[in-house]
1. Suppose the Debye formula is applied to equal point scatterers at every Cα of the stretch 1-108; what is log10 I(q)/I(0) at q = 0.14 Å⁻¹?
2. Could you give the length gained by full extension between Val106 and Arg32, i.e. 0.36 nm per residue of separation minus their alpha carbon distance, to one decimal place?
3. Which net charge results when you count Lys and Arg as +1 and Asp and Glu as -1 among the other residues whose beta-carbon is under 15 Å from that of Leu121?
4. Accessible area of the stretch 217-342 with a 1.4 Å probe: how many percent of it is carbon plus sulfur?
5. Using a 1.4 angstrom probe on the protein heavy atoms only, could you order Lys52, Lys131 from most to least accessible area?
6. Just to be sure I understand the rule: take each whole DSSP H helix in the chain, project its Cα atoms onto its long axis, keep it if the span is 15 Å or more and its mean Kyte-Doolittle hydropathy is at least -1.0. Which ones pass?
7. Can you give the accessible area of Thr38, probe radius 1.4 Å, in Å² rounded to 10?
8. Spin-label point model (7 Å from Cα, Cβ direction): what's the Gln12 to Asp329 distance in nm?
Amino acid sequence: MKTLSIKGNRGQSDIHIGESLDNLERYIPNDRRLVIITDSVVHDLYGGRFPKADVITIGTGERIKTLVTLENILDRLIEMETDRSAFIVGIGGGIVCDITGFAASVYLRGIDFGYVSTTLLAQVDASVGGKTGVNFGGYKNMVGVFNQPGFVICDTALLDTLPTAEFACGFAEIVKHAVIADADMFTFLEQNSQKALALEDSVIQRLVYDSVDIKAGVVQRDEREKGERRILNFGHTFGHAIEKTAGLRHGEAVSQGMVIAGALSVEKDLLRPDEQARMVALLKILGLPVRMAVDKEAVLDAIQKDKKREGDNIKFVLADGLGKALVQDVGMEELADVVKRL
């Protein structure tokens, strides 16, 4: 097991890579009352391994990541007479983590919480960094708060039960981290892609650790996304728009978003064509889509409502070679042209 830490404005978050769900109780401080929030699939698979606790089970999929689900959780917490001495743990993927963190942050104006992330996507992205929230009005993560979990357990042994498509979604964020911050990590993934796909433990743990290390470092320096943290959105401007309009999984949409962002980076002479080709080839090897037909007008409408928009510009992340990224103001007219062409 390896541990990384993020020191946020509201305390320290410790991320334990390679720790087991079976050791969850060790991380609950002072034998406090435990409340677990999970989804129906995770409960069916691993509920027998949960420690003694009150359990709130929600549904699955982006359709349940709403204020209605949040309200239902808050109702249950009130029914169970949960007070500020309790500790809430979300056990599940990114949706469970986002909703759990948001619920814990607003219930009684905030009680302590942690995560056991059960998907690759959650382990390398959603559970790390302190972003919580739900979708609203059809737009992703429009309502939420920044708040760091007390701990995150990344149990890589739980990945064995992931469907192939869900596993691939985690690789999209791993590729993103390598592209924006670590060229050596990118090469390692190229050279070990088949071992990663075969879930070879040493390879997976290194990729999770490297991804968390990159994200933790960025978040440590810019917790509330005022500057550097924006580079973590590489591929996400188009990715979120494609996810909303085409109904794809997050990682599938981000994969295509990275291809488009990479192509725009090439046009701006920041990324070499051969580097773009390497990224596209790696995404394909990892089972991720790189090109598909979308409703261009719907994609553009979604981009216009993106949280990163400021007036007629949007804070857009470009690859500055492999292993580095930068943020530029890109005009909405230019993005509209990109949508039509790419």
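The values are calculated or read from the model by the stated rules, or taken from the named source; none is laboratory data. Note that the structure is a prediction, hence the values are computed from the model and not measured. So basically every Cβ, Gly included, is an ideal-geometry build from the backbone, and we count neighbours across all protein chains shown. In case anyone asks, the SASA skips ligands and DNA or RNA and just uses the protein heavy atoms, side chains included. Shrake-Rupley method; radii C 1.70, N 1.55, O 1.52, S 1.80 Å.
1. Rounded to two decimals, the profile gives -0.58.
2. Extending this stretch completely gives an extra 24.7 nm.
3. The answer is -3.
4. On the way: 2640 of 5600 Å².
After summing per-atom areas, the C and S share lands at 47 percent.
5. Lys52, Lys131
6. Within the chain the helices that satisfy the rule are 67-79, 94-106, 164-181, 201-221, 250-267, 273-285.
7. For Thr38, solvent-accessible area is about 0 Å².
8. Roughly 4.0 nm, to one decimal.
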